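These notes are about the structure you will find just below.
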Amino acid sequence: MVAGVTFRRALGPFDATMVVIGGIIGAGIFISPYIVAQRLDTPLLVIGAWAMGGAIALAGAFSYAELGALFPKAGGQYVYLRDGLHPLVGFLYGWALLLVIESGAIAAVAITFATYALHMAGASDAARVPLAIAALVVLSVVNYLGVKPGSRVLNVLVLLKVAALAILIGAGFLVAAHSTWLQEVRAASAATPSTIVAFGAALVPILFAYGGWQNANYVAEEIEDPRRNLPLSLIAGTVAVIAIYVTANLVYIRTLGLTGLAGTATPAADVARRVFGAPGDLFVSAAIAISTFGFLNLSILAPTRVYYAMSADRVFVPALARLHPRFQTPGLAIIVQSTWSCLLALSGTYDRLLNYVVFADWIFFGLTVATVLVFRRTLPLDRRPPGTYRAPGYPIVPLLFCAISAAIVLSVVRADPVSAARGATLIALGIPVYYWYAAIQSKDSKQKAKESTEPL
């Protein structure tokens, strides 16, 4: 880190809330609700599953709000795992984030953005990869130039995608509803799983869709008055997304019916065509392009602070801990993550890599919420500054969240054990890297201690 250069507290409560909303809403709500409709047999179960997923996400946001108010530092989740469990656990989270989770997601979403942008423009798919890489380069430059320019771009994009969803939802309630949409029941067969099993299976894609609230914790050191504004933004942003997701699915079912929703991989486009006619397809393509572009911007802005924090602790590449003397951003961390994402996009392997480690997100979600239990013992409430946010429902709510996280991970392992094993292997590769850097740090510390005791 350049001496005297610190992060700039430039993000207000509105900016931080946009980070939360932008980190959760991607392309999924426009496309993936059909998966949930395929797994559940009644409209009420589908809506109930999305509401339940939102409640679980809010429980996670409550815990992250307490952690963020307690440790308003750059790196967020890495810091909580480092101090609450073990430095190795924090390092493995950052390692997985850079190696595949975030970089792989950036590559995949960049391709999705390019696909819909080209479709909207009526251009050839041959330009998909070049356009995806160009988008990453442009957004990397914007975020390199400061957290405020990156935040302003994010705010505009989040407002645009929320407005697109609001238009789709509002217009969807104005068209004629599918006949008997609320009473529709899918006929069960001998192969149909029990309601409880099916409900659990439906929650897996829902909870993946709700993930992303942690992005605000990454930039805690750049938020004004983070002890107040970080919890406020986490809760407000998550509640806003729950309202959007539940009402969007209500419109999908009301317009298409349960069977119609389960039978289409493009529910938002189908609803838009019924509402707007032929231009509906263009409307949804534009909405997805905007939404994915906003996700890319946030993915460059926030997670790079994790690599900065790791390097500042001297357990990763030291150069990544340098802040730009003028822009006060972790410039090299932005360059490294974006370059790796571009390589994944070029290689075409990003989708497989993402499948290998997609379950890791919920491993670390569960472990992070578990640190709330640790810090309640090591830093009791009476030793914290007055007015510090505390998560409601302790200890039941965090314990339930940890149990649900474990169930999600186990369900993913059961569904695809090969990918899970490969993902675990990729994460485990970080163990020798951590101990190598830790050994260097220990050697340097001993050398400095020796030099300080030598006579002049």
Checklist outcome for this item: With -39,500 (n - 2.57) per DSSP H segment of 4 or more residues and division by the full residue count of the chain, the 222 nm estimate, nearest 500 deg cm²/dmol, is -24000 deg cm²/dmol
Checklist outcome for this item: Fewest to most Cβ atoms within 10 Å: 17, 368, 195, 247 sort as 195, 247, 17, 368
Checklist entry - So, by mean Cβ neighbours within 10 angstrom, what's the order for 101-110, 29-38 with the highest one leading? => result 101-110, 29-38
Checklist outcome for this item: Given unit charges at Cβ for Lys, Arg (+) and Asp, Glu (-), the dipole magnitude of the chain about its Cα centre in debye, nearest 20, is 680
Checklist entry - Relative contact order (percent) for the chain, with alpha-carbon contacts under 8 angstrom and 6 or more residues of separation? => result 33
Checklist entry - If you line up the long axis of helix 147-172 against the longest principal axis of the chain, both from Cα atoms, how many degrees apart are they, to the nearest 10? => result 20
Checklist entry - Sorted by average packing, counted as other Cβ atoms within 10 angstrom per residue and highest first, what order do 119-130, 279-290 take? => result 279-290, 119-130
Next on the checklist: Can you order the peptides 51-61, 303-313, 158-168 by their average number of other Cβ atoms within 10 Å per residue, highest first?
Outcome noted: 303-313, 51-61, 158-168
Item to check | For segment 13-444, with +1 on Lys and Arg beta carbons and -1 on Asp and Glu, the positive-most of 108, 231, 442 along the dipole | outcome: 442
Checklist outcome for this item: To the nearest 10 degrees, the tilt of helix 195-210 (Cα long axis) against the first principal axis of the alpha carbons of the chain is 60
Checklist outcome for this item: Here segment 59-72 yields Karplus 3J(HN,Hα) values (6.51, -1.76, 1.60; θ = phi - 60°; whole Hz; Gly and Pro given as x) of 4, x, 5, 4, 5, 5, 5, 5, 5, x, 5, 7, 10, x
Item to check | Length gained when the stretch residue 396-residue 339 is fully extended (0.36 nm per residue, less Cα-Cα span) | outcome: 16.3 nm
Item to check | Net charge of Cβ neighbours under 14 Å - reference residue 84; Lys, Arg +1; Asp, Glu -1 | outcome: +2
Item to check | Quotient of Cα Rg and 2.2 N^0.38 Å for the chain, N being how many residues it contains | outcome: 1.00
Item to check | Degrees, to the nearest 10: 360-378 long Cα axis against longest axis of the chain | outcome: 60
Next on the checklist: Taking a cut-off of 17 Å, what percent of all Cα-Cα pairs in segment 280-386 are separated by more than that?
Outcome noted: 73
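A short reminder: the numbers here are calculations on the coordinates, not readings from a lab. Every value quoted in this text rests on a predicted model; they were computed, and no experiment measured them. When we count neighbours, we look across all protein chains shown, and the Cβ atoms used for this are built from the backbone with ideal geometry, even at glycine.
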